[in-house]
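I have placed the structure first, in the form of structure tokens, so that the comments after it can refer back to it.
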């Protein structure tokens, strides 16, 4: 799973369109373990099944740092960012359900809705996701993003660290226009990853006792998912007071600060929950 949404980048507006080439700006990683370089890029018009989106806001996820260090292998050079939301400016041939002016949030894994995985409710295993690490367009394996005479890859086929991007329609989720885009962008990874950790991975059921260790972007949403799944006790553990306070707002029933391993067995008995350890 791609990770922790912790900061927001809100990009300024404005781009210069010349024919079918748009000149805009993006943050590019040219080599591993180097700074992001914000510079002008050339963006091709969307082709069949593709969408041009003006990015309103992007989440900065810890997975973006994993790209910098090489822990997540993506083709270089690359435009970072996989949590984004914005406004559709143009659509390519064959795109019938989106139109200019629509608001969208991106999914960090494309979902075609037709392959065996998508049709059985496992869109995280969509066949299109096999191309995630290439950074090229799903339709034809080429790039729409260019800089300094080179093709530029996009993280998770998105590249949200930019003023504009071109993505496949399978990466778009249409949302209502009254939803703030600077909040909606976080739904693309951090929110669904944390919520899904409780609801799908852990299969939390009504009456369960759930412990979430670490209340970052994913942990906070794991707390929320556990609460909405009906957990009786949701215990949030974090050394930072602000995060513990937020955990209570997201649905935690109890919070712990430190030395939780030492005290958790007695705390578990107090709650009437079974004590169980697992090694992975």
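What follows draws every value from the coordinates through simple rules; no lab data is involved. For clarity, every value in this text was computed on a predicted model and none was experimentally measured. Positions of Cβ are generated from backbone atoms using ideal geometry, with glycine treated the same way; all protein chains shown enter the neighbour counts.
Can you work out the FRET efficiency for the pair residue 31 and residue 142, with r the C-beta to C-beta distance and R0 = 35 Å, to the nearest 0.05? Could the numbers behind the result be given before it?
Working: r = 22 Å, r/R0 = 0.64.
That gives a FRET efficiency of 0.95.
In terms of Cα atoms, the Rg and Dmax of the chain work out to 20.5, 69 Å. Label positions at residue 242 and residue 228, each projected 7 Å from the Cα along the C-beta direction, are separated by 2.5 nm. The angle separating the long axis of helix 241-250 from the principal Cα axis of greatest extent in the chain is about 90 degrees. The residue 97 and residue 200 beta-carbon pair, evaluated with R₀ = 25 Å, returns a calculated FRET efficiency of approximately 0.45. A Gaussian network model of the chain, with springs between Cα atoms under 10 Å, assigns the largest mean-square fluctuation among 75, 201, 162 to 201.
Listed by Cβ neighbour count within 10 Å, with the fewest neighbours leading, 40, 89, 241, 176 appear as 176, 241, 40, 89. Each principal axis of the Cα cloud of segment 123-237 was taken in turn, and the coordinate range along them, longest first, works out to 57, 31, 26 Å.
Reducing segment 219-246 and segment 75-98 to their Cα centroids gives an inter-centroid distance of 33 Å. Annotation: the residues 134, 160, 34, sorted from fewest to most other C-beta atoms within 10 Å of their own C-beta, follow the order 34, 134, 160.
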